[in-house]
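Report on one structure; see the data block that follows.
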Amino acid sequence: MIAHGYQKAILDSSDGGINTVRTTIYDKVRDIHGWPEGYYGRGLINCTYLDDLEGLSEVKNRELYCEELNKGDVGYGPKGRLTTYAGTGIGLISEIITAGDIVKSMHEGVHQILHGQRQLKL
């Protein structure tokens, strides 16, 4: 149920240490409040963040963000404004897999390891 533009932005990112940033601006433009001091979301760097660095007011940045919502999937990515929350491990993601498929795969792997059908690789 994640927007395709969000998914594409995740897959297109190569290094979360370079492509992401911890900031409060993504919460502010989305009108999310109440996080304790020192807790920030981490997201892909995009125009919302870069404009905040350049001194664009939060009010104007939020207006631009809301306008971008009408663009759908093209509003994501480095040239977009829509928030794509992601951690520094984002570069390790190479495909979109459902949570159910991940759990099944892990279950099968554990079963194979416990029954000696597969070696544990460390």
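The values are calculated or read from the model by the stated rules, or taken from the named source; none is laboratory data. Just so we're clear, the structure is a prediction, and the values are computed from it rather than from any experiment. FYI the Cβ positions are ideal-geometry reconstructions off the backbone, even for glycines, and counts take in every protein chain you see.
Here are a few things to note about the model shown:
- Close pairs from region 6-18: first more than 25 Å from Leu69 (Cα to Cα), partner among the aliphatic types (A, V, I, L, M), Cβ under 8 Å, at least 6 apart: Asp15/Ile90
- Any pair with Cβ under 7 angstrom, 6 or more apart, that starts in region 23-34 at a residue that is at negative phi and ends at one that is surrounded by 12 or more Cβ atoms within 10 Å (Cβ to Cβ) and in a loop (DSSP other than H, G, I, E, B): Thr23/Tyr40; Thr24/Tyr40; Tyr26/Thr83; Arg30/Thr83
- The numbered conditions (1) in contact with a Leu (Cβ under 8 Å, 6 or more places away or on another chain); (2) of a type in the set (S, T, N, Q); (3) surrounded by 10 or more Cβ atoms within 10 Å (Cβ to Cβ); (4) farther than 21 Å from Ile25 by Cβ are all true for Ser94 except (3).
- Hey, Glu68 more than 15 Å from Asn46 (Cα to Cα), surrounded by 10 or more Cβ atoms within 10 Å (Cβ to Cβ) and not polar (S, T, N, Q) or not: no
- Which numbered condition Ile102 fails, given (1) in a strand (DSSP E or B); (2) modelled with pLDDT under 95: (1)
- In region 17-50, residue surrounded by the fewest Cβ atoms within 10 Å (Cβ to Cβ) [restricted to those that are basic (Lys, Arg) and within 19 Å of Gly75 (Cα to Cα)]: Arg42
- Residue in region 73-80 that is at positive phi and not aliphatic (A, V, I, L, M) present: yes
- Per the conditions (1) within 15 Å of the chain's Cα centre (by Cα); (2) in contact (Cβ under 8 Å) with a residue 60 or more places away in the chain, the sole criterion not satisfied by Gly72 is (1).
- Checking Pro78 against (1) in a helix (DSSP H, G or I); (2) over 20 Å from Ile32 (Cβ atoms); (3) in contact (Cβ under 8 Å) with a residue 24 or more places away in the chain, the condition it does not meet: (1)
Okay, residues lined up against (1) acidic (Asp, Glu); (2) surrounded by 12 or more Cβ atoms within 10 Å (Cβ to Cβ); (3) within 19 Å of Ala3 (Cα to Cα):
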| site | (1), (2), (3) |
| --- | --- |
| Gly80 | no, yes, yes |
| Thr83 | no, yes, yes |
| Ile90 | no, yes, yes |
| Ala99 | no, no, yes |
| Met106 | no, no, no |
| Gly116 | no, no, no |
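- Test result for Thr48, at negative phi, touching a Gly at 6+ places or on another chain (Cβ under 8 Å) and at pLDDT 95 or above: no
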